[in-house]
Amino acid sequence: MSKVWFTSDLHFGQQRTLELSMRPFASVQEMDYVLLNNWNNTVKPNDTIFILGDFGIMKVLPLLNGNKILIKGNYERNVPELLKGNEDQFKEIYEYKHTVQVNKDGKKYIINMTHEPSRIKHIPINETNINLFGHIHKLCMVKKYGFNVGADCHEFKPISLDKILLFHDAILNYYDEDVFY
């Protein structure tokens, strides 16, 4: 049975991210190796994976499992040559945000996805409305209006719909203004 996964801010091949995000890797090659293996040990060939921007160098795309859907991040929009010639590696590509409806355990959920959190913070979450973002790496995993799916927050692995639903429930039922801001 195929699954749905989410990730953001992989930054394959980017030394700048390795340094500025203080990622725990000795080199870009090690970072890319871990990201690639974590992806393929998690995502199966028929699964769907939403990438919420800042993928990095595209030469690794053919090596990665799954039907890849890209919501462009600031790197894909501001440095379009990163994506050029690789558009056919994605099942779909969206410019700023994308919304999908998924069914899980008899419930329908609307998932709003974007790279920058500021693009969805005005969309209220509720029992069926879920907001996902990236861009801020590991600065904050949970905000009152949504959840960060960035690789830095999730042991450099894609995150499952099941885990998203767990965090969504926590935001709705246990959000504490004194802890999250």
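The values are calculated or read from the model by the stated rules, or taken from the named source; none is laboratory data. Everything numeric here is computed off the predicted structure, so don't read it as measured data. Neighbour counts run over all protein chains shown; Cβ positions are idealised from the backbone, glycine included. Accessible surface is based on the protein model in full, side chains and every heavy atom, while ligands, DNA and RNA are left aside. Shrake-Rupley method; radii C 1.70, N 1.55, O 1.52, S 1.80 Å.
When you restrict to C-alpha pairs under 8 Å that are six or more residues apart and normalise by the size of the chain, the relative contact order lands at 23 percent. What shape does the range 86-171 have by the C-alpha gyration tensor, where a ≥ b ≥ c are the square roots of the eigenvalues, rounded means a/c under 1.5, and otherwise prolate means a/b greater than b/c and oblate the rest? Since a/c stays below 1.5, the shape of the range 86-171 is classed as rounded.
Evaluated at q = 0.10, 0.12, 0.19 Å⁻¹, the base-10 log of the normalised Debye intensity for the chain, with identical point scatterers placed on the Cα atoms, takes the values -0.36, -0.52, -1.34. Sorting 102-108, 5-11, 22-28 by their mean Cβ neighbour count within 10 Å, with the most densely packed peptide first, gives 5-11, 22-28, 102-108.
Loop-only chymotrypsin sites (Phe, Trp or Tyr not before Pro) in the range 131-177, please: DSSP not H, G, I, E or B, and at most 15 other Cβ atoms within 10 Å. Of the chymotrypsin sites (Phe, Trp or Tyr not before Pro), the ones in loops of the range 131-177 whose Cβ has at most 15 other Cβ atoms within 10 Å are TYR175. Shown in residue order for the range 92-98 are the 3J(HN,Hα) couplings computed by the Karplus curve 6.51 cos²θ - 1.76 cosθ + 1.60 at θ = phi - 60°: 8, 9, 10, 6, 10, 8, 8 Hz (x for Gly and Pro). The loop-placed GluC sites (Glu not before Pro) in the range 1-100, going by DSSP, that have at most 16 neighbouring Cβ atoms within 10 Å of their Cβ come out as GLU95. What the Cβ-Cβ distance of ASN129 and LEU20 gives, at R0 = 30 Å and to the nearest 0.05, is a FRET efficiency of 0.40. At a probe radius of 1.4 angstrom, the accessible area of the chain per residue rounds to 51 square angstrom.
At 0.36 nm per residue, and after removing the present C-alpha to C-alpha distance, how many nm does the segment from SER118 to GLU87 gain when stretched out fully? Show your work: numbers first, answer last.
On the way: separation 31, 0.36 × 31 = 11.16 nm, distance 2.59 nm.
Extending this stretch completely gives an extra 8.6 nm.
By how many degrees, 0 to 90 and rounded to 10, does the Cα axis of helix 161-174 deviate from the longest principal axis of the chain? For helix 161-174, the angle is close to 40 degrees. In this label model, LYS163 and ASP105 are separated by 1.7 nm, measuring between points 7 Å along each Cα→Cβ vector.
Between 0 and 90 degrees, the angle of helix 28-42 with respect to the longest Cα principal axis of the chain falls at about 50 degrees. Were the residues from LYS144 through LEU36 laid out at 0.36 nm apart, the gain over their Cα-Cα distance would be 35.8 nm.
For the chain, the share of DSSP beta bridges that are antiparallel, to the nearest 5, is 40%. Whole-Hz Karplus values for the range 43-49 come out as 8, 8, x, 9, 6, 10, 10 Hz, taken residue by residue from phi with 6.51 cos²θ - 1.76 cosθ + 1.60 and θ = phi - 60°; glycine and proline positions read x.
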